[in-house]
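Peer 1: Right, I'll just put the structure down here and ask away after.
The values are calculated or read from the model by the stated rules, or taken from the named source; none is laboratory data. These numbers come from a predicted model, not from an experiment. Note: ideal-geometry Cβ built from the backbone for every residue, glycine included; neighbour counts use all protein chains shown. Each accessible area value is taken on the protein alone, full model and side chains, heavy atoms only, with ligands, DNA and RNA left out. Shrake-Rupley method; radii C 1.70, N 1.55, O 1.52, S 1.80 Å.
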Amino acid sequence: MNFKEAIKVIRDVPDFPKKGIVFKDITPLFENIEAFEAILEELSKQIANNFDFNKFACIESRGFLLGSALAYKMKIPFVLIRKPGKLPGEVYKESYDLEYGSDSLELLKSSLNKEDNVLIIDDILATGGTVEAVEKLCQQSGASVSGTVCLMELGFLNGRKKLKKPFYAPITL
Ligand code: AMP
């Protein structure tokens, strides 16, 4: 299956989790192994050609699904960016606004240091608040941020304007 065919399995769910939001459900990709493989081929090719980094930083929770598969495929380690209270140990913390609501994210202090250069992975860039917070979170640890890769960008929300580092997504809506 090629990439264009693969992305057709992504589902629009109107009015979820709130009225007025069109939720992009990427989970059917994981139920269709050929589609998942095509997505990983495309993302890994673009990442290898465009970014220099030594660790992925994957955002809970759909960022874990894409990021861990990319890490395995590309043989590059990954660290977890998690919702509050999930990580065992001392953490860095950043708060941010969502397209729907607000939240915080945490990174274990032991996960990154100034020797690291990270590539942030998530499924969707919407308002950009989440990735903006993760750029800051990684920088709190002293690490450099090479950039961010998402599967999809909701271009009409202009999220990439908030980001300080290069951003790539193969799908823009
Ligand atoms: P944002 O901080 O607004 O860029 O939101 C990005 C995060 O929220 C990502 O982790 C996405 O998984 C999730 N998200 C935001 N908007 C949507 C949407 N319309 N459909 C699916 N996920 C979304």
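Peer 1: Given just the C-alpha atoms of the chain, how large is their convex hull per residue in cubic angstrom?
Peer 2: Working: hull volume 18.9 nm³, N = 173.
Expressed per residue, the convex hull around the Cα atoms of the chain is 109 Å³.
Peer 1: Here's something else I'd like to know. Round to the nearest 10 and report in Å² the accessible area of PHE78, as given by a 1.4 Å probe over the protein chains' heavy atoms.
Peer 2: Number for this one is 90 Å².
Peer 1: From the phi of every residue in the range 22-28, what ³J(HN,Hα) in whole Hz does the Karplus formula 6.51 cos²θ - 1.76 cosθ + 1.60 yield, where θ is phi - 60° and glycine or proline is x?
Peer 2: Here the 3J(HN,Hα) series is 9, 7, 8, 8, 8, 4, x Hz.
Peer 1: Note down the net charge around ILE26, summing +1 for each Lys or Arg and -1 for each Asp or Glu among other residues with Cβ under 10 Å from its Cβ.
Peer 2: With Lys, Arg at +1 and Asp, Glu at -1, the neighbours total +1.
Peer 1: I would also like to ask the following. Leaving out same-chain residues fewer than 8 places away, which aspartates and glutamates sit with a Cα under 18 Å from that of LYS165?
Peer 2: ASP52, GLU94, GLU115, ASP116, ASP122, ASP123, GLU132, GLU135, GLU153
Peer 1: Sticking with this one: Can you give the charge dipole size of the range 52-172 about its Cα centre, rounded to the nearest 20 debye, using +1 on the beta carbon of Lys and Arg and -1 on the beta carbon of Asp and Glu?
Peer 2: Taking the Cα centre of the range 52-172 as origin, the dipole is about 200 debye.
Peer 1: Ignoring ligands, DNA and RNA, what accessible area per residue does the chain give at 1.4 Å, in Å²?
Peer 2: Per-residue value: 51 Å².
Peer 1: Rank LEU154, LEU105, LEU87 by mean-square fluctuation in a GNM of the chain with C-alpha springs under 10 angstrom and give only the top-ranked residue.
Peer 2: Taking springs between Cα atoms under 10 Å, the residue moving most is LEU87.
Peer 1: Can I ask one more? Rounded to the nearest 5, what % of the DSSP beta bridges within the range 52-170 are antiparallel ones?
Peer 2: Among the beta bridges of the range 52-170, antiparallel pairing accounts for roughly 35 percent.
Peer 1: Which entries of LYS18/LYS164; LYS4/LYS45; LYS55/LYS109 have Cα-Cα distances beyond 20 Å here?
Peer 2: Over 20 Å apart, Cα to Cα: LYS18/LYS164.
Peer 1: How much of the accessible area of the chain, probe 1.4 Å, is carbon plus sulfur, in whole percent?
Peer 2: Details: 4320 of 8740 Å².
Result for the chain: 49 percent of the exposed heavy-atom area is carbon or sulfur.
Peer 1: Another one. Where the centre of each part is set by its Cα atoms, how far does the range 3-65 sit from the range 103-129, in angstrom?
Peer 2: 17 Å
Peer 1: With an 8 Å cut-off on Cα pairs and a minimum separation of 6 or more residues, tell me the relative contact order of the chain in percent. Kindly include the intermediate steps, with their values, before the conclusion.
Peer 2: On the way: 349 pairs, mean separation 29.3, N = 173.
Here the relative contact order equals 17 percent.
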